Amino acid sequence: MTNSPEHDRNLVEQPIWSGLLGHDELGDYLVGGQCSACGFTTLGLRDICPDCWQQGTMTEAAIGRHGTLYTYTVIHQLPQGYEEPFAVGYVDLDDGVRVFAHLDNTPASLTIGARLDLVSATLRHDETGAPMTGPRYHAANTGDT
């Protein structure tokens, strides 16, 4: 890998999982599905509702903007493409789905029961050095000072 300024300018940011994240006037969100028959919510859009088994009832829904930290761990044995220890954990979304996601590696974000907000962030770099972006949760701004 070449680390010249010209090389860095040519790197294109790419998603870690295509179609996982969306963005609208309210900010970043996870692309989910919601069943029009029973109201069940999923991560990702599906052809069949996994709760009521109705076909053709799932519509795209913006989910995952906010949640509560259920549990976490910090990874110190770094896989290729990661430059520093990183945190991952389970987040109980306000939408009724529990997801496994990257977390800010900060004390405020790594407190069980903490309120978290979703952002799109660089999670790692690919073999060419290009940034790979994906969902990361960080401590919610509660307005407390």
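The values are calculated or read from the model by the stated rules, or taken from the named source; none is laboratory data. Just so it is clear, the model here is predicted, and its values are computed rather than measured. Every residue, glycine among them, receives a Cβ derived from its backbone with ideal geometry; neighbour counts consider all protein chains shown.
Miscellaneous remarks
- Flag if G22 is within 30 Å of P107 (Cβ to Cβ), modelled with pLDDT of 95 or more and not assigned by TED's automatic domain parsing to the domain that holds G96: no
- Against the numbered list (1) surrounded by fewer than 13 Cβ atoms within 10 Å (Cβ to Cβ); (2) farther than 24 Å from R124 by Cα; (3) not assigned by TED's automatic domain parsing to the domain that holds G33, L78 comes up short only at (2).
- In the range 101-131, of all residues being assigned to a loop (DSSP other than H, G, I, E, B) and among the small types (G, A, S), the one that is farthest from H66 (Cα to Cα) corresponds to G129.
- Whichever residue in the range 33-58 is of a type outside the set (A, V, I, L, M) and in contact with a Ser or Thr (Cβ under 6 Å, 6 or more places away or on another chain) and, among such residues, is surrounded by the fewest Cβ atoms within 10 Å (Cβ to Cβ): S36
- Index of the failed condition, L69 passing every other in (1) buried (at least 16 other Cβ atoms within 10 Å of the Cβ); (2) without any contact (Cβ under 8 Å) to a residue 40 or more places away in the chain; (3) assigned by TED's automatic domain parsing to the domain that holds R136; (4) out of contact with any Pro (no Cβ under 7 Å at 6 or more places or on another chain): (2)
- Residues satisfying the criterion are present in the range 88-97 (criterion: out of contact with any Gly (no Cβ under 8 Å at 6 or more places or on another chain), within 30 Å of A37 (Cβ to Cβ), not in a strand (DSSP E or B) and not aliphatic (A, V, I, L, M)).
- Members of the range 90-123 that are in contact (Cβ under 8 Å) with a residue 24 or more places away in the chain and touching a Lys or Arg at 6+ places or on another chain (Cβ under 6 Å): D92, H102, L118, V119
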